[in-house]
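Engineer: Following this message is one structure expressed as structure tokens.
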Amino acid sequence: MSGPRPRVASRGLTLIESVIASAILAVAITAVFSAVASGRAHADLAAEDLASTVAAEDLLARILREDTAALMNWDGYVESRSKLIDGQGSLLGSAVQRVGRRVRVEPRSQSLREGEPIPGWLVTVEMTDADGRLIHAISRWVPDWEDEE
């Protein structure tokens with residue numbers, strides 16, 4: 001019985017199976033990293049949107065505390081990125097320093113129902129990105145009660 005031995009099937013991976021498994025693993029890893037990068041980009045956009053809203057509301061609140069006679073002094077006011085300040089002149093937190101802001105004040109009358117127009121001012125705070133493009137704006141109409149007297 002010293003003749004050739006019968007061939008037993010090997011139980012390892014062939015080269016083709018290894019290449020296919022590596023390709024599937026590469027596709028899966030690429031998909032995961034793509035999802036993480038996309039999530040990061042959306043988080044950055046959300047953070048910029050939140051920062052611009054907080055900064056706009058802060059400045060608008062400061063402006064609306066002024067007398068209506070002083071509102072026009074705010075027209076054309078501009079703060080660039082990383083230079084946003086609060087009412088006391090201190091820099092706002094780093095989270096809101098991602099955006100810039102500018103103010104427009106325009107005379108605008110409003111009427112309630114069919115009544116007489118009430119003179120007033122439309123105060124608009126515009127938020128800008130790093131390139132100076134408008135992100136969004138908030139506006140409030142302020143009646144000019146001093147004009148009524």
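The values are calculated or read from the model by the stated rules, or taken from the named source; none is laboratory data. Every value quoted in this text rests on a predicted model; they were computed, and no experiment measured them. Methodologically, a virtual Cβ is constructed for each residue, glycine included, from the backbone with ideal geometry; neighbour enumeration extends over all protein chains shown.
Engineer: Restricting to the range 78-111, give me the number of residues that are out of contact with any Asp or Glu (no Cβ under 6 Å at 6 or more places or on another chain), farther than 21 Å from Leu64 by Cβ and charged (D, E, K, R).
Structural biologist: So the count comes out to 2.
Engineer: Scan the range 70-93 and tell me whether some residue there is farther than 13 Å from Asp129 by Cα, modelled with pLDDT of 85 or more and in contact with a Pro (Cβ under 9 Å, 6 or more places away or on another chain).
Structural biologist: Yes, because at least one residue in the range 70-93 is farther than 13 Å from Asp129 by Cα, modelled with pLDDT of 85 or more and in contact with a Pro (Cβ under 9 Å, 6 or more places away or on another chain).
Engineer: Identify all residues within the range 73-105 that are closer than 22 Å to Thr53 by Cβ, without any contact (Cβ under 8 Å) to a residue 24 or more places away in the chain and outside any loop (DSSP other than H, G, I, E, B); write none if there are none.
Structural biologist: Correct list: Glu79, Ile85, Leu91, Ser94.
Engineer: Within the range 106-121, count every residue that is assigned to a loop (DSSP other than H, G, I, E, B) and either at positive phi or buried (at least 19 other Cβ atoms within 10 Å of the Cβ) (or both).
Structural biologist: Residues in the range 106-121 being assigned to a loop (DSSP other than H, G, I, E, B) and either at positive phi or buried (at least 19 other Cβ atoms within 10 Å of the Cβ) (or both): 1 in total.
Engineer: I want to confirm something. Restricting to the range 112-141 and keeping residues that are farther than 30 Å from Asp44 by Cα and in contact with an Asp or Glu (Cβ under 9 Å, 6 or more places away or on another chain), which single residue is modelled with the lowest pLDDT?
Structural biologist: Ile118
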